[in-house]
Amino acid sequence: MPSSFKVSGLFAGKPQPLGPRGAPSSIVKSPVSFLTVNIDGTDEDQQANTRLHGGPEKVLHQFSPAHYFTLAKHFPDGNFTVGSIGENLSVEGMDDTTVYLGDVWQFGDVELQISAPRAPCSKISQRYGIPNLDRFVGERGMTGWYYRVKKTGVISLNDTVTLVHREPDTINVHTLMQCAHTKTDKQLAAKLASLPTLDDEWRLKCEKIANK
């Protein structure tokens, strides 16, 4: 794995109607040249459902640009472009198998810590008009991940992205999503629940699997 990467895309949006009921969502985002990162959000990006999105444990969402090739292969009629699944950050070379829970990454002057995967929801299917696309994304563990903020500041396009710290006994984001989907590996779920850097929402999910 390379020692550093570059920010290749930044995206922000505001709530707008989505789906058959016109429920507000911010999954549709536009490219921006920078993001002003605070401890509980950014100045440029707004959340429609603050119960499920945003807040100090979900300040920024990153999604691997490589996943769009997989989506386009399986759903050739979909309009899959980088930034279209609702992510804030795009970095070539980083994906769910190579980043780990608790990782601290430096984006320019900003320091971010991976707190949890993104839980895919129906907004993904509505965004592209493809039934059960959210299930497809979840089953393959290609959901992307959320960050909490360790050091605030501004992230700009082409900023250098460097791994600052990795926990000695942690698990990658893809493995957590696979565990959450299959719900069969109680031992792994218990280990995930014990990770101190995992956010409380996912800790509870893992505890439920471990105690089934």
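Just so it is clear, none of the values below were taken in a lab; they were calculated from the coordinates. Because the structure is predicted, anything quoted here is derived from the model rather than measured. Please note: Cβ atoms are built from the backbone with ideal geometry, for glycine as well, and neighbour counts cover all protein chains shown.
A few notes on this one:
- Modelled this way, with points 7 Å down the Cα-to-C-beta line, the labels at Asp43 and Lys183 are 4.4 nm from one another.
- If R0 is taken as 30 Å, the Cβ-Cβ distance between Thr152 and Phe69 corresponds to a FRET efficiency of 0.35.
- Top of Ile39, Ile85, Ile27 by mean-square fluctuation, Gaussian network on the chain, Cα under 10 Å: Ile39
- Rounded, prolate or oblate (a/c below 1.5 giving rounded, otherwise prolate when a/b exceeds b/c) for region 1-111 by Cα gyration tensor: oblate
- Fluctuation leader among His181, His67, His53 - the chain, Gaussian network, Cα springs under 10 angstrom: His181
- Entries of Lys183/Lys212; Lys29/Lys58; Lys29/Lys73; Lys123/Lys208 with Cα pairs more than 18 Å apart: Lys29/Lys73; Lys123/Lys208
- GNM result for the chain, Cα springs below 10 Å: residue of Lys73, Lys183, Lys150 fluctuating most strongly: Lys73
- Using a cutoff of 8 angstrom between alpha carbon atoms and counting only pairs six or more residues apart, the relative contact order for the chain works out to 25 percent.
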